[in-house]
DNA sequence: GTCTCTGCAAACCGTTTGCAACGCA
DNA sequence: TGCGTTGCAAACGGTTTGCAGAGAC
């Protein structure tokens with residue numbers, strides 16, 4: 001888990017400009033241990049910086065994903081959330097409200113190995129989500 | 001794994017009309033042990049039935065999914081494929097061409113149990129895909 | 001001063017919706 | 001004959017693209 005300052009050093013080293021939008025996004029992402037949609041990040045940033053556009057959010061989270069400081073979580077139906085990069089883990093998603101929590105289960109490396117051995121594929125990664133109903137939604 | 005004839009009986013029992021489009025779709029899906037996009041099904045059906053529309057494909061695969069005779073496979077970036085319903089299994093997806101093969105690994109029920117025990121979620125299902133490169137694409 | 005980045009508008013793409021005409025039962 | 005289904009066109013929603021002007025360094 002890297003700090004916001006570390007992320008800024010990575011940008012500087014690559015001669016990527018430190019625009020206010022970029023710095024504020026890093027600030028939001030690196031502080032809260034959460035999962036955001038692009039839209040949510042847009043609204044948070046918009047409060048502090050009313051002129052920001054959704055395009056800038058996408059430009060920058062895509063950049064951060066390439067730099068490996070942010071991770072995209074695709075959880076079905078074309079929906080994505082983004083989280084600050086940390087140790088590998090899985091996610092539980094609430095089918096009703098979309099809320100998401102981390103599951104720190106050991107990475108399924110041996111299942112990957114099995115899948116590779118029984119197929120003609122070179123396996124590079126896997127994607128696992130759990131779907132259910134959170135306690136909030138269950139009450140209602 | 002049910003037969004096409006079985007599927008037709010299910011439709012009849014529910015008073016769902018046996019239109020030529022519907023019967024031909026069942027025919028395609030139940031015979032080939034494959035994974036199709038809606039677009040692919042549209043093109044196959046279109047050769048035999050030139051007036052068919054993509055709307056009808058979606059209408060019917062969605063109906064078949066509700067009837068539990070077809071399964072939707074969501075594999076990231078909003079892309080879906082569909083397969084004739086069979087015993088639970090996972091999929092390996094080629095990152096380059098989108099080709100997909102089955103993995104008959106035991107269902108991860110104990111991982112679901114772990115995820116449920118460490119969270120406040122009632123877990124109902126999970127979704128696991130492997131991503132890699134198929135042997136065809138590897139050659140190139 | 002240069003060249004990357006921003007923000008607007010428009011495009012994209014797979015899928016869904018509204019609806020009038022069609023055709024299965 | 002009646003009502004479920006089809007197929008067209010338009011809408012949808014999250015994301016990307018093109019581009020002129022802004023601004024980081």
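Where a number appears in this text, it was derived from the coordinates with a stated rule and is not lab data. From a predicted model like this one, the values you see are computed outputs, not experimental measurements. Neighbour counts are summed over all protein chains in view; Cβ atoms, including those assigned to glycine, are modelled from backbone coordinates with ideal geometry.
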State, as an integer percentage, the relative contact order of the range A:57-140 based on alpha-carbon contacts under 8 Å between residues 6 or more apart. 24
Please give the average number of partner chain Cβ atoms lying within 10 Å of the Cβ of each residue in A:112-122, rounded to a whole number. 6
If each label sits 7 angstrom from Cα along the C-beta direction, how far apart, in nm, is residue B:78 from its counterparts in the other copies? 0.3
Placing a label point 7 Å from Cα toward Cβ, how far apart in nm is residue A:107 from its equivalents in the other copies, listed shortest first to one decimal? 2.8
Taking square-rooted eigenvalues a ≥ b ≥ c of the alpha carbon gyration tensor, is the range A:28-140 rounded, prolate or oblate, where a/c under 1.5 means rounded and, failing that, a/b exceeding b/c means prolate? oblate
Round to the nearest 10 and give me the degree value, 0 to 90, for the angle of helix A:20-31's Cα axis relative to the longest principal axis of chain A. 40
Length gained when the stretch residue B:122-residue B:89 is fully extended (0.36 nm per residue, less Cα-Cα span): 9.7 nm
Using mean Cβ contacts within 10 Å as the protection proxy, how do A:129-138, B:101-110 order, highest first? A:129-138, B:101-110
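Nearest 0.05, what FRET efficiency do residue B:71 and residue A:15 give at R0 = 45 Å with Cβ-Cβ as r?
0.40
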Got the residue B:125 label distances to the other copies yet, label 7 Å along Cα→Cβ, in nm, shortest first? 2.3
Using only atoms on other chains, find how many Cβ atoms lie within 10 Å of each Cβ of peptide A:129-139 and report the average. 5
CD proxy, 222 nm, chain A: helix-only mean residue ellipticity via -39,500 (n - 2.57) per DSSP H run with n ≥ 4, per residue, nearest 500, stands at -12500 deg cm²/dmol
Using Cα pairs closer than 8 Å and at least 6 residues apart in sequence, work out the relative contact order for chain B, in percent. 19
Partner shielding of B:77-84, taken as the mean number of other chain Cβ atoms within 10 Å, equals 2
Most mobile of B:26, B:16, B:61 in a GNM of chain B (Cα contacts under 10 Å): B:16
Most fluctuating of A:25, A:79, A:41 in the GNM of chain A (C-alpha, under 10 Å) is A:79
Let's test the formula: R0 of 41 Å, r as the Cβ-Cβ distance of residue A:38 and residue B:63. What FRET efficiency results, to the nearest 0.05? 0.80
B from A by rotation - nearest chain A beta carbon to the axis, in Å: A:78, 1
Between the range B:14-71 and the range B:114-134, how many Å separate their Cα centres? 29
